[in-house]
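Where a number appears in this text, it was derived from the coordinates with a stated rule and is not lab data. What you are looking at is a predicted structure, and each value in this text was computed from that prediction instead of being measured. Cβ placement follows ideal geometry from the backbone for every residue including glycine, while neighbour counts extend to all protein chains displayed.
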Amino acid sequence: MVVSNVVKEEDQISAVREFNRFYTARLGLLRKRHHDGDFSLTEARILYEIGASPGLTASSLRNTLGLNAGYLSRCLALLTKRKLVRQIPSKQDGREKLLTLSPEGDRAVAWLNEQSSLQIQGLLAKINSNARDVLVDSLSKVRSILSEPEEHSVRIVRLSKSNADAIQLLQEYYEAVSVVQRDAPAAIQKIIDAAGSGVWLAYLGEKVVGCVVLRALGSIPFAGECKRLYIKPAARGHRIAHKLLDALEDFARNNGLRWIYLDSYDDLKVAIALYRKRGYVSCERYNDNPQATVFLRKNIALRS
């Protein structure tokens with residue numbers, strides 16, 4: 001029995017390695033320059049992550065990509081020298097720098113995204129519709145299986161009292177997206193205590209990695225507002241944002257709310273895409289937030 005299990009494991013390892021060799025060649029990942037452009041695959045991924053999460057730190061980026069600190073530092077220095085990345089000292093921690101893309105960096109990421117989409121479009125064009133569905137479903141299952149151990153350790157907690165984790169995470173969120181209208185620490189407890197409102201934190205293991213806030217909207221009957229949805233860059237990819245929004249929407253529904261409103265701005269494309277995927281649709285401006293350019297709402301009385 002022991003010998004049989006060893007042989008089975010060796011076969012499994014061989015199968016995964018064989019597939020790795022296949023898809024790295026098929027996707028052109030072995031080329032010196034990604035999409036035959038101006039960047040290595042690592043440089044392209046660094047630019048993508050910064051573009052998706054403006055204001056993230058080098059340490060968060062290192063954890064997300066699993067890169068050596070020295071190697072990442074050299075890559076960032078080169079991309080900064082090429083005027084693609086900007087590094088701004090953090091006000092919360094002078095040892096950290098907040099990373100953003102320059103206009104040239106934005107254009108580079110747009111080009112890389114276009115080339116990647118064209119490449120995948122070309123691959124899918126050779127596959128019939130049914131096979132495409134099987135392929136996409138299989139990829140989803142692979143990701144789910146490989147993420148499973150960490151998925152089980154995610155905890156969503158609704159606070160009954162403000163704490164240091166909440167204050168620290170909200171401050172990180174404010175810096176990451178350059179929020180102008182910020183809640184003072186004392187205001188967090190008022191939100192927690194208010195009827196139809198709440199603050200949720202997400203923990204991965206013992207580390208706080210995400211948050212979301214619900215405020216009752218006095219100006220609109222049976223409505224609340226979703227605010228401050230934020231996931232630490234290193235913790236993304238575990239559906240934590242969905243888990244936080246599930247908790248918020250369930251609470252709102254159980255407390256008699258029918259609508260959840262939220263605002264955002266055009267640069268936060270990943271967040272906006274997440275909201276739309278969950279059923280949020282465009283609506284008229286409902287507040288005076290000077291930064292907001294996008295306004296969405298969802299009828300939570302209609303379960304999807």
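When all alpha carbon pairs of segment 16-91 are counted in 5 Å bins from zero, the resulting P(r) reads 3, 14, 23, 22, 18, 11, 6, 2, 1, 0 %.
Pairs over the 18 Å Cα-Cα cut-off, from the set Lys161/Lys190; Lys227/Lys269; Lys243/Lys298: not a single one.
Could you calculate the contour length gain from Arg285 to Arg155, that is, 0.36 nm times the residue separation minus the distance between their Cα atoms, to one decimal place in nm? Using 0.36 nm per residue and subtracting the Cα-Cα distance, I get 43.5 nm.
Where does each of Ile300, Ile220 land when they are ranked from fewest to most other beta-carbon atoms within 10 angstrom? Don't skip to the answer; put the middle values down first.
Numbers: Ile300 20, Ile220 15.
Fewest to most other Cβ atoms nearby, the residues stand as Ile220, Ile300.
Per-residue extension of 0.36 nm, minus the Cα-Cα distance of Tyr48 and Arg132, leaves a gain of 27.7 nm for this segment.
At full extension, Ile167 and Lys91 could sit 25.9 nm farther apart than now, given 0.36 nm per residue minus the alpha carbon distance. Its DSSP H runs of at least 4 residues, each contributing -39,500 (n - 2.57), put the calculated 222 nm mean residue ellipticity of the chain at -16500 deg cm²/dmol, to the nearest 500. Once you divide the Cα radius of gyration of the chain by 2.2 N^0.38 Å, the number left is 1.13.
Once you order the gyration tensor axes a ≥ b ≥ c over the Cα atoms, which shape class does segment 154-299 get: rounded for a/c under 1.5, otherwise prolate or oblate by comparing a/b with b/c? Judged from the Cα gyration tensor, segment 154-299 comes out rounded (a/c under 1.5). Size of segment 184-238 from its Cα atoms: along the principal axes, largest to smallest, the extents are 37, 23, 17 Å.
Computed from the alpha carbon atoms alone, the convex hull of segment 2-150 holds 170 Å³ per residue.
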